[in-house]
Each structure stands twice: as C-alpha cells, then as structure tokens.
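The values are calculated or read from the model by the stated rules, or taken from the named source; none is laboratory data. Since the structure is predicted, the reported quantities are computational estimates derived from the model, not experimental observations. Don't worry about glycine lacking a Cβ; one is built from the backbone with ideal geometry, like all the others, and counts go over all protein chains shown. Accessible surface is based on the protein model in full, side chains and every heavy atom, while ligands, DNA and RNA are left aside. Shrake-Rupley method; radii C 1.70, N 1.55, O 1.52, S 1.80 Å.
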Amino acid sequence: MRMTDIIQKKRDGGALSQEEIAFFIQGYTAGQIPDYQAAALLMAIWYRGMDPAETAWLTACMARSGEAVDLSAIPGVKVDKHSTGGVGDKTTLVVAPLVAACGVPVAKMSGRGLGFTGGTIDKLESIPGLRTDFDREAFFAIVRQAGLAVIGQSGQLAAADKKLYALRDVTCTVDSLPLIASSIMSKKLAAGADAIVLDVKTGSGAFMKTLEDSIRLARTMVEIGEHNGRPTAALVTDMDRPLGRAVGNALEVAEAAATLRGCGPEDLTGLSLRLAAEMLGAAGRGRPADCLAAARRALESGEGFARLSRMVQAQGGDPRALEDPARLPQAALVRPVDSPQSGWLAHLDTAACGRAAMVLGAGRERKEDPVDPAAGLVFCKKPGDRVEAGEPLALLYTNRPQAVEEAGALLLGAAAFASQPPAQPPLVLARVTKEGVERF
Ligand code: URA
C-alpha cells in the first residue's frame, strides 16, 4: 500500500477502506509516514469529508493507537463528560462534583487549553499545590477516597491524536467535522468510561459556528460512541455568549466554587445542572426529572461543594482557596473597560472575548506557551443587560501592562448595543441521542 495512492483517492473524493485508514494511522503514529504526506491527506479530508463508516473506523484506529485505560477497578458505572471547548466553560469543575455527590464516581482525564478555549487542567492547576500528574494507581485511589479525580491526559492516550492534532493546528485543518469527531471520541473511548455525555458548543466562540453543523457533529460523535458500545448523549449549547462571567484560570475556579455554593451565574448553574442530570441518567439513576432534582439537591445541600474540596485536598491542593479567592493567584493589574454608550448589551463576540483573555495571558498561542493563572477577565455586563455610558462592561486582570490596551480594544470591538432589550436564545439548543435530535 502506498500513501500517495491514499492521498490521491481522498483528494478525488473516494471513500477510504479500513485497510487504508489503518495503514495511515499505524504508519503515522510509528513515524513511518512523514508530516508532509499526513498534512496532504488531512487537507484532502478537510475538503472531501468522510462518510460515517470512514469516520467510525478512523476513530477506532486512533483509539487503539496508544494506551487505553481500564476503569473496571473502580466500582459503579463511570460516566465521562466532554465539552468541545468554549470561552468561560468551567462546567467540569461544577458538574463532576455534583455527579460524585450523587454517588456516581467520576474518573476523568482532561486536557490543557489551546488558543482561546480553556482547558480544565490549566484551571485546576491554578489552585495552590494541586497536582494533576498522577499514575494510574494513585488516580484510582483518589477516586475511591474522594469520589472523583480529574487528572491530565497522558500523551499516550490515543497517541495518534496527539501527533495529528499538532499537525492540524499548523495546517488549518482543525475545523473538519470527521477530524474533530474522531479526535474527541478516540480519546473518550481510550479513557475507558462506560458512558459519555458531550457538550457540543455552537456559535462564534466554538469550532462549529452554526447550529446545523454542531448538530451534525453531535450526531456523528453519538453514533461513534454507540457503535463502540458506550451509550452517548450530547447537548448542543450556545457559545455565542461567554459562559458565566469569568474567563481565565483562577478566575474560573473562583466562579465554579461560588456556583457550587449556590451563588454562581444563572447560565453556568443551569447548564451544569443539565449536564449533571445527563450524566446521572447515563449512570442509570432514573428518569430525567429525577436526575435533575438529584443534581439540584447536591448543589443546594452543599454536598457538591464538599466533594470539590475533598478532591482538591486529595490532589494536593489547598481547599481553602475555594472559599477564599484571595488564596488563588492574583493579577497585579485590574482595569475596567467602560461602555462607550448607553443601551442594552445585545451581543458579545465570544471569539474576540476569548482572544482578549489570551492577550492578557490566560491562554496559549502555541502548545508550549505557559499560561498566567491569574490573568483573564470578568464581565460586569452580559448580553441582555442594561448598561449606561461609562459603566464598566468588564474588568481585565493581567500581569502584562502592555496588554491592557489591546485587550480593551478587543472587548469594545466585541460588544454590540441595542436600543431595546434583545431576545436571548436558550442556552441548551438541542439534545442528541441515538433516538434522534430534540430541539429546544
Ligand atoms: N478537541 C479535540 O480534542 N479535538 C479536536 O479536534 C477539537 C477539539
């Protein structure tokens, strides 16, 4: 078999066979296929797409390309949750403790952020002392002791994805439905959970900008999960607005902790409860309304917050930082961005808000870049709010004085105003399961 034939076949719109896909994934992971040929194939896939059978097989080959985790030593049904990434998305920090508080163990592997989308591991590591680099035994021991653990994903998990993602990142081939679906689902399959809940973001701050593309991505991933014997459900949720008010690692930890103490923003609280209910449903904890009620009880009783504290302590972190944000890393500069006009805040371009947070130091341009745990921004106004000229729209947090002007300009450019209160779409736009698509 020759790589040039495979590239040509996809370039001309053909469907690749299982043997051809396996040849590519095995050869590329082993370093026998050079980056330039892999890049050509990725671009051909970007243009021509893949049918469901090709995408499922690509995922299966990637899932088998490295380590696979066996979670069977942890009793109970293990449910994983994954977000396709957005701005201000700290739901894992809220959802995982709520689910654990309901008696469903959460053994989760997460990644770091890239570009303007944040990563759970970066957020957690902003808690003083907290570690995410545990070996398998220590990971399982923490889950047994605290009911949940969130650790960093080894580069060996679905090893092909690590190489392919890095190549996609520099060849403009990230935003391809079969490549995103196979990348995410190969890691989820290899991470060993019994069932999977996906939060597929849609809008300007997401990979998928339109609802229809996001539903297509959700359906593809649900099909892959179900095909591999892992019950999978997806919520398609709005990322045309940042989630919550905080963007940036320590700022998001503080917001997640506040949410678990019952004083978080409404959108973050509502979405976290919906996702927790999906996870409880996937773990066989009853009907949707009962699962939602159980998640709400875990929040209102403070048991969810107690679980997060327990996990932070078990992972070496200082749980006092969850009650007292002054114990989290602090930025040297805090600057307001004032509204240039009065009216209703109609829209905030989410990608531009994410870029502003990145400029302030909260995100990384390249994989190797460090992040500043203290940097980010907090919105004082969200779309739908009334604002007067001169009132702050947001507060910028940074240790880079030279970044303030650029971040402020990005935020002002991101804001659109209206003279009437704007209608806000629902946060959860669709639910996708093997039964079909339910739109809200
Ligand atoms: N997250 C991933 O893990 N892979 C993608 O391709 C996109 C988002």
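Overview of values
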item: Region 140-156 - residue that is assigned to a strand (DSSP E or B) and within 17 Å of the chain's Cα centre (by Cα) and, of those, farthest from the ligand (Cβ to nearest atom); result: ALA149
item: Residue in region 168-181 that is over 26 Å from GLY436 (Cβ atoms), modelled with pLDDT under 95, in contact with a Ser or Thr (Cβ under 9 Å, 6 or more places away or on another chain) and in a helix (DSSP H, G or I) present; result: yes
item: Segments classed as helices (runs of 4 or more DSSP H), wholly inside region 1-100, with at least 3 members that are modelled with pLDDT of 95 or more and under 28 Å from ALA218 (Cβ atoms); result: 18-29, 35-48, 52-63
item: Hits in region 334-370 - residues which are over 30 Å from ALA166 (Cα atoms) and either among the basic types (Lys, Arg) or under 19 Å from the mean Cα position of the chain (by Cα) (or both); result: ARG335
item: Selection from region 251-272 of residues that are aliphatic (A, V, I, L, M), open to solvent by less than 10 Å² (accessible area, probe 1.4 Å) and over 19 Å from PRO383 (Cα atoms); result: VAL253, ALA256, ALA257, LEU260
item: Flag if VAL197 is within 16 Å of the ligand (Cβ to nearest atom) and either at pLDDT below 95 or open to solvent by less than 10 Å² (accessible area, probe 1.4 Å) (or both); result: yes
item: Residue tally, condition within 16 Å of the ligand (Cβ to nearest atom), surrounded by fewer than 21 Cβ atoms within 10 Å (Cβ to Cβ) and not in a helix (DSSP H, G or I), over region 208-243; result: 1
item: Residue pairs meeting the criteria (Cβ under 6 Å; at least 6 apart or on separate chains; first under 14 Å from GLY27 (Cβ atoms), in region 158-169; second among the β-branched types (Val, Ile, Thr) and open to solvent by less than 20 Å² (accessible area, probe 1.4 Å)); result: ALA160/ILE25
item: So ALA331, is it modelled with pLDDT of 95 or more, crowded, with 18+ Cβ neighbours inside 10 Å and over 23 Å from the mean Cα position of the chain (by Cα); result: yes
item: Of all residues in region 393-421 being touching a Leu at 6+ places or on another chain (Cβ under 7 Å) and in a helix (DSSP H, G or I), the one that is farthest from VAL87 (Cα to Cα); result: PRO401
